[in-house]
Amino acid sequence: MDLIETRVRGFISDIQHPSQKKRININDLELQLRKLMDNYFEMDGYSLFFNAIQMLQAEGQLAPIQNNQYNGKTPALALYYWVNMKAQVPKWDRLEMMKLSDLFDFSYYERYPEWQTKEEWNRIQNVYSFLQSNHEREWVSVEERSLELFGHEKFLLDVEQFSEGKGFLMRIGITNAQLKMVNYGEPFVFWMKQGKSIPEIQRILIVENLSFFHTSIQLLEAGMLDYEPDLIIYGEGTKIERSFSFFFRMFPSKNYLFYYAGDLDAAGYGILIRLMEKYPDCCIQPALKIYRKMLECLDQKNDQKQGQTQNLKVRDAFFQWFAEEEQALLMQLWNENKRIPQEVLTIETWRRWM
């Protein structure tokens, strides 16, 4: 458990009431946390804070108030939450726990006895029964296994937010592999260069936005696109982080060159760096020639989108790919809280460089 989660749990525990719910403003809670931690931003504190809130929500200690008000950050949290009452729950039979302890670690439930509920015990029994014969079972999707074991196909699904099912698996220390389930990547939109066959694919360009996806197709067909990619993928913002694994189900296994081009802003930097970190065995790098063309459109900069998490480590990891004078321009954008959207690259602006 990290320091931020520990402090958040402490805050919530202090205000929990045994007989009534309490309402909190999530921005006020984060502000109190920031006041206690000098290195909050350097340690990417908001991401850890977000995870802690999601964990407490999955545990049932917090419940978002659904009134379409959010905290103005990415990823977003509801602005207001109910702090639920301290649960008074029955204790499980210790002998029954010992019978299942050959496969499960019950230490979490010893520390947090409020999780010793009938519903949780039924889930554990379902998983235990499955694990008795998992060597005979086939690999299926997360949704299929979730429906089989828990009665709902979405229970174990973890897409953008911390799911209830993911919290359950963490509590019992069981992995997706043990349940023989796969979180299949989402299909994505792509364009293959005319005359190319799938075995010939080598260079792939991933672009963040739809407008430039169509522009890059036009440029490719005209023989004007940098890197001369064999395949162009529409990343669809952060969706590419979930759909990238689908590439390896569709195309043969070999060494590919992936180039990524997105907006010159905090969110765009984050998408690329997270892809590189999640797939270290793939050759993924920024499409520098395209980014440099965007920097030449500095006069079309606009305001940074509200709610983007400005992670300094991600920023520096992205900037280090550029020459010193280019880094100075990027830092100027950052300090001014400005950005350059990918849409500055049109067929017309591209002609400047031909």
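The values are calculated or read from the model by the stated rules, or taken from the named source; none is laboratory data. Please read these numbers as outputs of a predicted model, since none were measured by experiment. As a convention, Cβ positions derive from the backbone with ideal geometry for all residues, glycine included, and neighbour counts pool all protein chains shown.
Among residues of the stretch 312-328 that are free of Cβ contacts under 8 Å to residues at least 12 places away in the same chain, those with a beta-carbon under 6 Å from a residue that is assigned to a helix (DSSP H, G or I) at least six positions away or on a different chain give the pairs Q327/F319.
Return the only residue of M192, M224, M181 being over 30 Å from A261 (Cα atoms) and hydrophobic (A, V, I, L, M, F, W, C).
From the options M192, M224, M181, the qualifying one is M181.
Would you call K91 loosely packed, with under 11 Cβ neighbours inside 10 Å, within 23 Å of F168 (Cα to Cα), out of contact with any Phe, Trp or Tyr (no Cβ under 7 Å at 6 or more places or on another chain) and not β-branched (V, I, T)? Yes. Here I340 fulfils each of the conditions (1) within 22 Å of S216 (Cβ to Cβ); (2) over 24 Å from the mean Cα position of the chain (by Cα) apart from (2). Among the residues of the stretch 143-151, some residue qualifies, meaning at least one is at negative phi, touching a residue at least 24 places away in the same chain (Cβ under 8 Å) and in contact with a Phe, Trp or Tyr (Cβ under 7 Å, 6 or more places away or on another chain). Being farther than 25 Å from L312 by Cβ and more than 20 Å from the chain's Cα centre (by Cα) is true of Q61.
A quick yes/no check of all residues on (1) over 19 Å from the mean Cα position of the chain (by Cα); (2) modelled with pLDDT of 90 or more:
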site	(1), (2)
F244	no, yes
L257	yes, yes
A267	no, yes
V314	no, yes
F319	yes, yes
W350	yes, no
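So which residues in the stretch 60-79 are buried (at least 18 other Cβ atoms within 10 Å of the Cβ) and within 20 Å of E164 (Cβ to Cβ), if there are any at all? Residues satisfying the conditions are Q61, L62, L77, A78.
For L100, are the conditions met, namely being within 30 Å of N25 (Cβ to Cβ), touching a residue at least 12 places away in the same chain (Cβ under 8 Å), buried (at least 16 other Cβ atoms within 10 Å of the Cβ) and not small (G, A, S)? Even if it seems obvious, please write down each step before you answer.
Working: within 30 Å of N25 (Cβ to Cβ): no; touching a residue at least 12 places away in the same chain (Cβ under 8 Å): yes; buried (at least 16 other Cβ atoms within 10 Å of the Cβ): yes; not small (G, A, S): yes.
So L100 does not fit the description; no.
Of all residues in the stretch 284-293, those being more than 18 Å from T349 (Cβ to Cβ) and surrounded by 14 or more Cβ atoms within 10 Å (Cβ to Cβ) number 2.
Output the residue which, of all residues in the stretch 310-336 that are in contact with a helix residue (DSSP H, G or I) (Cβ under 9 Å, 6 or more places away or on another chain) and of a type in the set (D, E, K, R), is surrounded by the most Cβ atoms within 10 Å (Cβ to Cβ). Per the criteria, the residue is R315. Of the residues making up the stretch 113-141, those that are surrounded by 14 or more Cβ atoms within 10 Å (Cβ to Cβ), of a type in the set (S, T, Y) and part of a loop (DSSP other than H, G, I, E, B) number 1. Residues in the stretch 103-112 that are in contact (Cβ under 8 Å) with a residue 40 or more places away in the chain and either in a helix (DSSP H, G or I) or under 18 Å from R145 (Cα atoms) (or both): Y108, Y109.
Out of the residues in the stretch 1-17 that are in contact (Cβ under 8 Å) with a residue 60 or more places away in the chain and in a helix (DSSP H, G or I), which is surrounded by the most Cβ atoms within 10 Å (Cβ to Cβ)? Checked the stretch 1-17; the qualifying residue surrounded by the most Cβ atoms within 10 Å (Cβ to Cβ) is I12.
Every residue, every condition in (1) at pLDDT 90 or above; (2) among the β-branched types (V, I, T); (3) in the same structural domain as P75 (by TED's automatic domain parsing); (4) surrounded by 18 or more Cβ atoms within 10 Å (Cβ to Cβ), yes or no:
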residue	(1), (2), (3), (4)
S146	yes, no, no, yes
H152	no, no, no, no
F155	no, no, no, yes
D158	no, no, no, no
Q161	no, no, no, no
G167	no, no, no, yes
M170	no, no, no, no
I174	yes, yes, no, yes
Q178	yes, no, no, no
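Among the listed residues E296, E236, which satisfies the condition of being buried (at least 17 other Cβ atoms within 10 Å of the Cβ) and under 25 Å from K338 (Cβ atoms)? Checking each option against the conditions leaves just E236.
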